[in-house]
Structure formats: C-alpha cells, structure tokens
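What follows is one structure encoded as structure tokens, with my remarks underneath.
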Amino acid sequence: MQIIFEDELRRDIVVVNDFRAPFAHLLPAIENSGYWYVNRIDPYGFTVFNQKQAPRLLVEWDQFSAAVSMNNPVLTAVLLAIRALIVRLKDEVHRYLRFQGE
C-alpha cells in the first residue's frame with residue numbers, strides 16, 4: 001500500500017510505502033463500530049481523506065496504531081510517518097491523503 005499526501009491536482013507531495021511493514025491486513029473490519037474512517041480504508045482500492053475528515057482520522061489513527069504496533073519498530077515508523085501526514089492534512093488547505101491499495 002502507498003499513502004500519498006497530494007494537492008488538489010493529485011500531484012504527489014509526500015509518499016509513504018508500507019513495503020517493509022505492511023499493515024493493510026491489520027486494518028479493522030468495516031463492521032467494527034469503534035472506527036468510522038480507518039475501517040473504511042480499502043486495502044485493494046483508493047481511499048481519500050480531506051482536511052475536514054482529518055481531526056477524526058487522527059484520533060482513530062492513534063487508536064489503531066496503539067492497537068497494532070506490537071513492538072515492531074519498522075511498523076511503528078510507518079504508522080508514525082502516516083500520522084505526520086494526517087497532521088499536515090489537518091493543518092493545510094487543498095491537500096488530500098490517499099491510501100492506494102495493492
């Protein structure tokens with residue numbers, strides 16, 4: 001999966017790859033009522049978040065990251081890199097965060 005922080009013209013600004021620490025198989029099921037955004041990330045397609053969604057996404061990402069990090073430093077680094085992009089998404093206009101599945 002690639003996580004792409006992009007502008008309104010879909011130009012890549014930052015790209016995070018999870019090749020060394022894949023987490024798609026750890027995503028919560030759509031039926032998991034503890035999430036509203038993270039459990040809707042499609043590991044096989046595109047999922048895009050905008051600035052208005054970022055505050056809730058950040059809370060959920062922290063919850064998800066705490067649940068799955070499993071003392072794996074490589075996975076933790078990937079999850080933290082994505083978190084930093086969610087923070088930027090919250091703070092910058094005309095930006096989008098795209099999860100691009102396999």
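Since every read-out is calculated from the coordinates, none of them should be taken as a lab result. This structure is a prediction, so every number in the text was calculated from the model and none was measured. Heads up, the Cβs are rebuilt from the backbone with ideal geometry, glycines too, and the neighbour counts pull from every protein chain shown.
A few points about this structure:
- Size of electric dipole in the stretch 4-102: Cβ of Lys, Arg +1 and of Asp, Glu -1, about Cα centre, debye, nearest 20: 140
- Whole-Hz couplings from phi, Karplus 6.51/-1.76/1.60, listed for the stretch 68-83; x for Gly and Pro: 10, 4, 6, 6, 9, x, 5, 4, 4, 5, 5, 4, 5, 5, 5, 4
- For the stretch 22-100, the relative contact order comes to 40 percent (Cα pairs under 8 Å, sequence separation of at least 6).
- 222 nm mean residue ellipticity, helices alone, for the chain (DSSP H n ≥ 4; -39,500 (n - 2.57); rounded to 500): -11000 deg cm²/dmol
- Here the gap between Ala29 and Asn50, fully extended at 0.36 nm per residue and compared with their Cα-Cα distance, gives a gain of 5.4 nm.
- For the stretch 22-100, taking Cα atoms only, Rg and Dmax work out to 12.0, 35 Å respectively.
- For the chain, the longest site-free run once trypsin sites (Lys or Arg not before Pro) in DSSP loop states with at most 11 other Cβ atoms within 10 Å are removed: 21-102
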